[in-house]
1. Hey, does region 31-44 have a residue that's touching a strand residue (DSSP E or B) at 6+ places or on another chain (Cβ under 6 Å) and either at pLDDT 95 or above or assigned by TED's automatic domain parsing to the domain that holds residue 183 (or both)?
2. Of everything in region 191-209 that's in contact with a helix residue (DSSP H, G or I) (Cβ under 6 Å, 6 or more places away or on another chain) and within 22 Å of residue 106 (Cα to Cα), which residue is surrounded by the fewest Cβ atoms within 10 Å (Cβ to Cβ)?
3. Answer with yes or no whether residue 232 is over 12 Å from the mean Cα position of the chain (by Cα), within 13 Å of residue 23 (Cβ to Cβ) and either outside the structural domain of residue 62 (by TED's automatic domain parsing) or in a helix (DSSP H, G or I) (or both).
4. What about residue 2, is it at pLDDT below 95, surrounded by 14 or more Cβ atoms within 10 Å (Cβ to Cβ) and part of a loop (DSSP other than H, G, I, E, B)?
5. Being in contact with a strand residue (DSSP E or B) (Cβ under 9 Å, 6 or more places away or on another chain) and more than 19 Å from residue 218 (Cβ to Cβ) is the filter here; which residues of region 175-195 pass it?
6. Using the structure shown, decide if residue 214 is over 23 Å from residue 19 (Cα atoms), touching a helix residue (DSSP H, G or I) at 6+ places or on another chain (Cβ under 9 Å) and at pLDDT below 95.
7. Of the residues that sit in region 116-131 and are in contact with a helix residue (DSSP H, G or I) (Cβ under 9 Å, 6 or more places away or on another chain) and either over 30 Å from residue 97 (Cβ atoms) or not assigned by TED's automatic domain parsing to the domain that holds residue 17 (or both), which one is surrounded by the fewest Cβ atoms within 10 Å (Cβ to Cβ)?
8. Please tell me if residue 162 is surrounded by fewer than 17 Cβ atoms within 10 Å (Cβ to Cβ) and within 23 Å of residue 31 (Cβ to Cβ).
């Protein structure tokens, strides 16, 4: 039977050997005091000032999903050439808040031990985040956990971010891996959606923005309570795929 630390949403993954774990950052292995609503409000005000109508913006969606909606609106309005400017302005605003949060990060309970155990299992580890590279590197440096990761994929590296699959596909290419060899772990629906679109195994973690139920409803094949349960989950996946 699968261990109590996690809930399996599917029965068995056949013929699978996990070779790598891709991890989201905030809410998955660290806690960042990121003033997300303030950042989103400032971006929205900038977009309104630059002519984006109110109906295009949706406070219930992530900042990055809103930017996709802005891109679609501008392309349909014949103003696609302006999108790059608005995207860069949005990222500058987001970076300000991300660096502020990265200056005082905290490791989530069990994260350091889990990372040590995952590396002892000869797994490749990568960070796949929508945050900027500067803030991500600062966070890892402050917490002294950068040594665990073979690769960092931040929004600087790709054209589109999670929930688009580009960041995960970039990591797969860089590490020479197939999707069925990789687990993607994240605390939000956008992590699950990105994993599904990239063809990797989506694992939800209920230590951040989404509940177990929401993660499962959106396609997470496994859901764990916290990062400390991840090594046991990986071992169980490999065991059940023999």
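1. Within region 31-44, one or more residues are touching a strand residue (DSSP E or B) at 6+ places or on another chain (Cβ under 6 Å) and either at pLDDT 95 or above or assigned by TED's automatic domain parsing to the domain that holds residue 183 (or both).
2. Result: 206.
3. No.
4. yes
5. Within region 175-195, 175, 177, 180, 181 qualify.
6. Considered against the rule, which asks whether it is over 23 Å from residue 19 (Cα atoms), touching a helix residue (DSSP H, G or I) at 6+ places or on another chain (Cβ under 9 Å) and at pLDDT below 95, residue 214 comes out as no.
7. Selected residue: 120.
8. No.
The values are calculated or read from the model by the stated rules, or taken from the named source; none is laboratory data. Predicted model, so just to flag it, every value in this text is computed and none were measured. Positions of Cβ are backbone-derived with ideal geometry, glycine not excepted, and every protein chain shown enters the neighbour counts.
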